[in-house]
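The values are calculated or read from the model by the stated rules, or taken from the named source; none is laboratory data. Not measured: the values here are computed from a predicted model. Because the Cβ atoms are built from the backbone with ideal geometry, glycine has one as well, and the counts that use them run over all protein chains shown. Remember, those area values only see protein heavy atoms, side chains included, never the ligands or the DNA or RNA. Shrake-Rupley method; radii C 1.70, N 1.55, O 1.52, S 1.80 Å.
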Amino acid sequence: MSNGSRCSPGHWQRRFFRRVPLVLGSPLLAIASGLLTPGLAATMGEAMPAPQPMFPSVSPPGPALRPAAPAGPLVYPLADYRLTVGDILYVIVANVPDYSGTFQVLPDGSLNLPVLGRVEVWGKTLPQVEQAITQAYAAAEILVEPRITVTMSQLSPLRVVVIGEVTHPGAYSLDPNQGRLPTVAIALDAAGGITQHTDLRSIQVRRVSADNQREETIAVSLWDLLTQGDRSQDIALRDGDTIVVPQADPTIPTARELASSTFSAGAIRVNIVGEIAKPGVMEVPPDTSVTEALLLAGSFTPRSRRVDVQLLRLNLDGTVTQRSLPVDFASAINDETNPLLQDRDVILVGRNWSAAIGDSIGTVLQPLGAASSLLNLFLPFLLLR
């Protein structure tokens, strides 16, 4: 059907009764009936062209009517963004303000539009939504040659999962920031940062395809972002994405760069116990080595074993490994003698041989010392006899 087509009177009568809700709800009818105050009528007259045709389906082409936008930011440059549940759209139907307005994507992935009803929009881009609404209004013979404009009014938080070599793996809800979609780097930051054994070159983003029929895997190299400033690798995420951060066995210079980068955790906690000036739990940067942590804990005591220390590490599988490391404050960072620390590591500073012998003698003589103290306690009574 096109504008200006001829129809029988019965046909027009059926179309009229089909559109009674639109006519009765039209502000122009209220203005014509004198139901609005002059001031309000003048205000509404500025917001829409006059006269408004009674049958919008046969209205001649004209400039698109754009209702007043709601307060707050509206338009986002998100041509490739695919809609998800909770998104709020701003739908403009040219010359039909009663059909225009803001609509939220419902839990079933659809929009509930005036007169038309349900339109499936989940997983579609904004241009695809415009096309779907246009075709739906035309197929239902509600509008002739409808002109639809759809913009984003509000983005819903993205639900993503981060697994692998991060401090706190799990599910996260990421809020868009001023219309900018969360990226892989933002998801890693939400998960507490990466560990020192992360392979930034082989991160994977797994997502459902646009047709919702298969899973796609996108390879991401944040190492290029870190070393070359390649921001194209920090891709925007979609609702339902899973970020897989693999484990690697990097070289020590690489590990130090990772630990000092913004992708790593802000601080780690290590516990230094034994013969040290300031034992206890301390927070240190993630690029701290064993010797650097010993210096932060103060000097050795006269009882300290200064030849080596013990490094105890809790592994991901629940086991504990213990290594003996020589103490050399002039040693560079290396995995054999002066490794970088990880969260919850324990450094044990042992006793030297003289302190150990003295403590052993004290343990043996402790009962004799108690007997001597008891004898001294009763000595005055013995002298009185």
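Highest mean first, how do 307-314, 296-303 rank when packing is the count of other Cβ atoms within 10 Å averaged over residues?
In decreasing order of mean packing, 307-314, 296-303 become 307-314, 296-303.
Given a 1.4 Å probe and every protein chain left where it sits, what share in percent of the accessible area of the stretch 285-358 is carbon and sulfur?
Taking all protein chains in place, the stretch 285-358 shows 58 percent carbon and sulfur surface.
Where the centroid of each part is defined by its Cα atoms, how far is the stretch 98-146 from the stretch 264-342 in Å?
Using only Cα atoms to place each centre, the spacing works out to 62 Å.
Contour minus end-to-end for residue 139 and residue 219, with contour as 0.36 nm per residue of separation and end-to-end as the Cα-Cα distance?
My answer for the length gained is 24.6 nm.
Which order do you get for 158, 226 if you rank them by accessible area with a 1.4 Å probe, largest at the top?
Result of the area sort, largest leading: 226, 158.
In Å², and per residue, what accessible area does the stretch 139-219 have when probed at 1.4 Å with the other protein chains present?
That works out to 50 Å² per residue.
Which FRET efficiency value, to the nearest 0.05, is calculated for residue 320 and residue 204 with the Förster distance at 35 angstrom and r the Cβ-Cβ distance?
0.70
So what are the ³J(HN,Hα) numbers for the stretch 302-312, from phi and the Karplus equation (6.51, -1.76, 1.60; θ = phi - 60°), rounded to whole Hz, Gly and Pro as x?
x, 8, 6, 8, 8, 7, 8, 10, 9, 10, 10
Taking 0.36 nm per residue of sequence separation and subtracting the Cα-Cα distance, how much length would be gained by fully extending the chain between residue 197 and residue 80, in nm to one decimal?
My answer for the length gained is 38.7 nm.
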